[in-house]
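Engineer: My questions will all concern the structure given below.
Coordinate-derived values only; no laboratory data. Keep in mind the model is a prediction, meaning the values are calculated, not measured. When we count neighbours, we look across all protein chains shown, and the Cβ atoms used for this are built from the backbone with ideal geometry, even at glycine.
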Amino acid sequence: METVRIGYVGCGMMAQKVHIPNIISLDDCELLALAEVRPQLGRRVQEFHGVPRMYASHEELSADADVDAANLAILVDPSEEAREDFVSPETAAIDPERCVACGACEEACRFDAIRNGDGSYRVDPISCEGCRACLHVCPEDAVRMEKEPAGIRLRSRTPYGPLLHAHLYPGAENSGKLVSEVRREARQSAKEVGADLILIDGPPGIGCPVIAASTGVDLALLVSEPTLSAIHDLARVRGAADHFDVPCAVVINKWDLNRERSAEIERWASLEGLEIWGKIPYDREVPRTLVMRRPITECASEGIRGACDAIWKSARRALDELGDPFPTRS
Ligand code: SF4
Ligand code: SF4
């Protein structure tokens, strides 16, 4: 079972004597944050129990969407320097005041995005691909194209160097384009600060965001876990990387949770001519380190740090062998 991260509101007597110790005693729970309106009391309870975060009110706590959704920005403690809105691609909208319900737009739409209900025509924004056919055929000028905020791009400073990142709003589409913008900005930023390497934490799968994240990279590190679908998933992402001529290597995370499957991954990699750059063992220190908002390279476990170190050395060696095809590697 995954570790459940908990935020607890209130540091009164029952919280101190019963609830907080109970949460801490559960193997599958991490107490990530407390909220308490009395600052001194809150700080004392936080320090006593070693809770990573403290908030002055439950509103702040409930507004923290990362309580159980870790990502790189959470771990590297960024200070935001700049942000920019990311707008969605255009979608059509019909002005009911102008529409005379002739149906020409419905007929022209190849994506079945225009619906006729009770004699009025509407656009389904999820299905609309923004091709503008309806705009051109409408005799009443009743169709307009609209853009909406879909997310934000951010540039931040971290103790480990600049970080370029982004949020796509829930339900918003076209993360491939947003990923491309982040990657382009990362490259630009790397040139500005003289960095010779860009590390891109790519999304899972083989879809548009993965392709956007891996375009133009020098090396791809495929991170797998010893599960039933591991080889199938690895083969697919390896196929996508091959298509773009990106050399790959493999890392097996939590390899010792299923040694048999890990051995299968190693055999598959060997047949495919892929190097295994590292096998990271399962260790309960990892979630503890992440809860403390630290990267796993700062993990107390020597096994974890040693595995990360070996992976990093392999990556540097491979990059050195590649030479320097671009001013900035990624
Ligand atoms: S813009 Fe294209 S896809 Fe969207 S509703 Fe109009 S015709 Fe259909
Ligand atoms: S083509 Fe224009 S007028 Fe005709 S149904 Fe569509 S929006 Fe309405």
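Engineer: Could you list His19, His136, His165 so that the one with the fewest beta carbons within 10 Å of its beta carbon is first and the one with the most is last?
Structural biologist: His136, His19, His165
Engineer: Relative contact order of the chain, please, whole-number percent, based on alpha carbon pairs below 8 angstrom and at least 6 residues apart. All intermediate terms of the calculation are to be shown ahead of the outcome.
Structural biologist: Values: 518 pairs, mean separation 41.1, N = 330.
Rounded, it is 12 percent for the chain.
Engineer: Right, next: Suppose every Lys and Arg Cβ carries +1 and every Asp and Glu Cβ carries -1, with no other charges. What dipole size does the stretch 216-322 come out with about its Cα centre, to the nearest 20 debye?
Structural biologist: My answer is approximately 400 debye.
Engineer: Expected output is a single nm value to one decimal: the length gained when fully extending between Arg305 and Glu129, i.e. 0.36 nm times separation in residues minus the C-alpha distance. What is it?
Structural biologist: So the chain would gain 58.7 nm between Arg305 and Glu129.
Engineer: Give the percent of DSSP beta bridges with both residues in the chain that are antiparallel, rounded to the nearest 5.
Structural biologist: 55
Engineer: With springs only between Cα atoms under 10 Å apart, run a GNM on the chain and tell me which of Ala101, Ala241, Ala269 wobbles the most.
Structural biologist: Comparing Ala101, Ala241, Ala269 in the GNM, the peak value goes to Ala101.
Engineer: Please report the antiparallel percentage of DSSP beta bridges with both residues in the stretch 217-330, rounded to the nearest 5.
Structural biologist: 0
Engineer: Let me ask something else. What do you get for Rg/Rh over the chain if you use C-alpha atoms and the Kirkwood form of Rh?
Structural biologist: 1.05
Engineer: Would you mind ranking Glu36, Glu285 by Cβ crowding within 10 Å, fewest neighbours first?
Structural biologist: Glu285, Glu36
Engineer: Right, here's the next one. Kirkwood Rh, the stretch 89-146, all Cα pairs: how many Å?
Structural biologist: 10.9
Engineer: Take Arg157, project a point 7 Å from its Cα along the Cβ direction, then tell me which residues of the stretch 177-204 have their backbone nitrogen under 15 Å from it.
Structural biologist: Only 193 fall inside the zone, counting backbone N under 15 Å.
Engineer: Mind listing the lone cysteines of the chain, meaning no other Cys beta-carbon sits under 4.7 Å from theirs?
Structural biologist: Cys11, Cys29, Cys99, Cys102, Cys109, Cys128, Cys131, Cys138, Cys208, Cys248, Cys299, Cys308
Engineer: Continuing with this model, one more query. How much length would be gained if the chain were fully extended between Leu271 and Asp196, taking 0.36 nm per residue of separation minus their Cα-Cα distance, in nm to one decimal?
Structural biologist: On the way: separation 75, 0.36 × 75 = 27.00 nm, distance 3.26 nm.
Contour length minus Cα-Cα distance gives 23.7 nm.
Engineer: Here's another thing I want to ask about it. Can you name the helices of the chain, as whole DSSP H runs, whose Cα span along the helix axis is 27 Å or more and whose Kyte-Doolittle mean is not below -1.0?
Structural biologist: Long hydrophobic helices here: 302-322.
Engineer: Something else: If you restrict to DSSP beta bridges whose two residues both lie in the stretch 117-265, what percentage is antiparallel, to the nearest 5?
Structural biologist: 65
Engineer: Next question. Hey, what does the equivalent ellipsoid look like for the stretch 174-330, semi-axes from the Cα gyration tensor as sqrt of 5 times each eigenvalue, largest first, whole Å?
Structural biologist: Taking √(5λ) for each eigenvalue gives 25, 20, 16 Å, largest first.
Engineer: How much length is gained on full extension from Leu257 to Leu219, taking 0.36 nm per residue of separation minus their Cα-Cα distance?
Structural biologist: Result for the pair: 11.0 nm of gain on full extension.
Engineer: Can I ask one more? For the residue pair Arg184 and Glu298, what label-to-label distance in nm results when each label sits 7 Å from Cα along the Cα-to-beta-carbon direction?
Structural biologist: If labels sit at Arg184 and Glu298, their model points lie 3.4 nm apart.
Engineer: Is there a pair in Lys279/Lys313; Lys177/Lys313; Lys177/Lys254 whose C-alpha atoms are over 25 Å apart, and which pairs would that be?
Structural biologist: Lys177/Lys313; Lys177/Lys254
Engineer: Related question: May I ask you to sort Asp242, Asp118 by Cβ crowding, counting other Cβ atoms within 10 Å and putting the fewest first?
Structural biologist: Lowest to highest Cβ neighbour count: Asp118, Asp242.
Engineer: A further question follows. Normalised by the empirical 2.2 N^0.38 Å for globular proteins, what value does the Cα Rg of the stretch 94-251 take?
Structural biologist: Compared with the compact-globule rule of thumb, the stretch 94-251 sits at 1.43.
Engineer: For the stretch 127-170, how big is the tail of P(r) above 11 Å, as a whole percent of Cα pairs?
Structural biologist: In whole percent, the long-distance tail amounts to 76.
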